[in-house]
1. Within the accessible area of the chain, what % is carbon and sulfur when the probe is 1.4 Å and the other protein chains stay in place?
2. Enter the accessible area per residue of the chain (Å², integer; probe 1.4 Å; all protein chains in place).
3. Mind checking the angle between helix 130-140 and the chain's longest principal axis? C-alpha axes, 0 to 90 degrees, to the nearest 10.
4. Between the helical axis of 172-184 and the dominant principal axis of the chain, each derived from Cα atoms, what acute angle in degrees is found, rounded to the nearest 10?
5. How far, in degrees from 0 to 90, does helix 93-113 lean away from the longest principal axis of the Cα atoms of the chain, to the nearest 10?
6. So what is the relative contact order for the chain, in percent, with contacts set as C-alpha pairs under 8 Å and at least six apart?
Amino acid sequence: MTRPPTAAQRRVIDAADPVTGRLRGTEAQLAALVKRGLAFRHPRPPHDHFLTPAGHRIREAEVTVPAKAEALAAGGVFAARIGGEEDPPATGPARVREVHSAWQGLLELRRMTNPDGATDRPCAWERTHLVQAAALALEAAGHRPAEQDFEEGYRVRATPQPEAVAVREPDGARLRACAVTLEEAGWQVGEHAEPRTRARYLLASPRRA
């Protein structure tokens with residue numbers, strides 16, 4: 001197999017019976033999986049389709065990689081710094097290693113779940129975890145998050161707009177540096193001003209193409 005499965009094919013693979021590997025999908029989807037060597041058609045009626053060993057490996061990878069990346073990027077063992085937390089994690093070499101591992105896990109998640117295997121733009125998981133995804137990109141690039149009692153540092157927050165987060169950093173140069181980092185991580189970024197205070201902030205959303 002030279003190309004990764006399409007998004008529709010991935011859904012069929014991911015929905016396979018975890019024990020038997022039995023598949024459900026349209027005739028076209030199942031035929032395409034057979035052609036790729038990821039499924040086979042049982043010779044006896046009702047001629048159901050099942051995952052081949054290669055198909056099982058794809059499914060296991062899709063289960064394992066997102067689970068690992070979500071654990072690293074979202075919660076439990078690791079959570080990216082969004083800025084202003086009441087009980088932030090300790091800084092130091094261990095934290096740097098954790099952040100690096102989380103970012104590498106997220107890049108692998110992109111490779112596994114983006115239809116074309118691209119790692120230069122956000123994946124579906126990031127679109128449902130916007131604040132953590134943007135915060136991880138910033139922390140992995142070395143930007144300093146805000147502490148609870150200090151204004152300096154970035155803060156990433158949700159917004160009423162779909163698929164958009166706000167990034168605030170009182171220092172203009174550092175705010176622009178955050179914008180560059182997010183753009184390099186595959187986000188669309190615009191700089192705006194608060195209507196009343198005129199304070200500058202970023203509005204960032206995951207790039208689709």
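The values are calculated or read from the model by the stated rules, or taken from the named source; none is laboratory data. Everything numeric here is computed off the predicted structure, so don't read it as measured data. Just the protein is used for accessible areas: all its heavy atoms, side chains included, with ligands, DNA and RNA removed. Shrake-Rupley method; radii C 1.70, N 1.55, O 1.52, S 1.80 Å.
1. C and S atoms contribute 54 percent here.
2. Accessible area per residue: 56 Å².
3. Result, in degrees: 70.
4. 10 degrees
5. Between the helix axis and the principal axis of the chain, the angle is about 40 degrees.
6. 15 percent
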